[in-house]
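Below is one structure, written out as structure tokens; the observations come after it.
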Amino acid sequence: MKGSNSKIFYPATLNKVILSLGSNLGNREKNLKKACQALKKLPLRIIKSSKIYETKPWGFESSNLFLNMVLLGETPLSPWALILEIKKIEAKMGRKLRKEKLYEDRIIDIDIIFYENLVISSESLTIPHPHMHKREFVMLPSLEIAPSFLHPIFKKSIAELYEEYKTIKDKL
């Protein structure tokens, strides 16, 4: 309708999610901002966003440093609907998925770290993210925006997990 202010309708049941975003190719900061704008077009209300951290690649060698951030949001989407929308955003931004290489340079990477207190382990989706507690680029920004969020498997807050991480990070 012309001239109307259409707003996204949010049902009464919203699920808290923590998403991690990273980019190490092209204009990294612009890539993160573009991804955030695309996420805001979904039925996803961003409650908090961390500052942006520059980090070394994890799990592979590259001279391209990452910019990383974490978002705390609420969504009515199911975990599978959310990951499908995330994969569409990544593809539109030019992310190429290669089955043979798990970790590589990328324009954008968006991961679901937590979805409420759900534990999902399937071929297409694993929640909570299985490596989040080993990655400072996820832990530190998560600590900034949701320190008391409870990990549903470890039964520890992000603050507690980060304290543990700090004692073992040199061994990882």
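The values are calculated or read from the model by the stated rules, or taken from the named source; none is laboratory data. Computed from a prediction, not measured in an experiment: that's the story for all the values here. Note: ideal-geometry Cβ built from the backbone for every residue, glycine included; neighbour counts use all protein chains shown. Calculation scope for accessible area: heavy atoms of the full protein, side chains included, ligands and nucleic acids excluded. Shrake-Rupley method; radii C 1.70, N 1.55, O 1.52, S 1.80 Å.
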### Any hit, the range 154-171, residues being in contact with a strand residue (DSSP E or B) (Cβ under 6 Å, 6 or more places away or on another chain) and outside any helix (DSSP H, G or I)
yes
### Summary
Of the residues in the range 150-172, those that are aromatic (Phe, Trp, Tyr) and either more than 21 Å from GLY22 (Cα to Cα) or free of Cβ contacts under 8 Å to residues at least 12 places away in the same chain (or both) come to PHE154
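Here's the yes/no breakdown for (1) under 20 Å from LYS166 (Cβ atoms); (2) part of a loop (DSSP other than H, G, I, E, B):
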| position | (1), (2) |
| --- | --- |
| GLU61 | no, yes |
| ASN64 | no, yes |
| GLU74 | no, no |
| MET139 | yes, no |
### Message
What pairs come out if I take residues in the range 112-127 that are at positive phi and pair them with residues that are open to solvent by 60 Å² or more (accessible area, probe 1.4 Å) and of a type in the set (D, E, K, R) whose C-beta lies under 9 Å away, six or more apart or interchain?
### Response
GLU116/LYS16
### Candidate set from the range 117-137 (those that are in a loop (DSSP other than H, G, I, E, B) and touching a helix residue (DSSP H, G or I) at 6+ places or on another chain (Cβ under 9 Å)); member that is surrounded by the most Cβ atoms within 10 Å (Cβ to Cβ)
ARG135
### Query
Would the range 60-67 turn up any residue that is under 20 Å from LEU39 (Cα atoms), in contact (Cβ under 8 Å) with a residue 40 or more places away in the chain and among the small types (Gly, Ala, Ser)?
no
#### Entry: Selected residue [within 19 Å of THR126 (Cβ to Cβ), part of a helix (DSSP H, G or I) and open to solvent by 30 Å² or more (accessible area, probe 1.4 Å)] from LYS87, LYS34
LYS87
### Evaluation of PHE60 against (1) out of contact with any strand residue (DSSP E or B) (no Cβ under 8 Å at 6 or more places or on another chain); (2) within 22 Å of ARG135 (Cα to Cα); (3) surrounded by 13 or more Cβ atoms within 10 Å (Cβ to Cβ) (one fails), failing number
(3)
### Task
Can you work out which of the residues in the range 6-23 that are modelled with pLDDT under 95 and open to solvent by less than 60 Å² (accessible area, probe 1.4 Å) is farthest from the chain's Cα centre (by Cα)?
PRO11
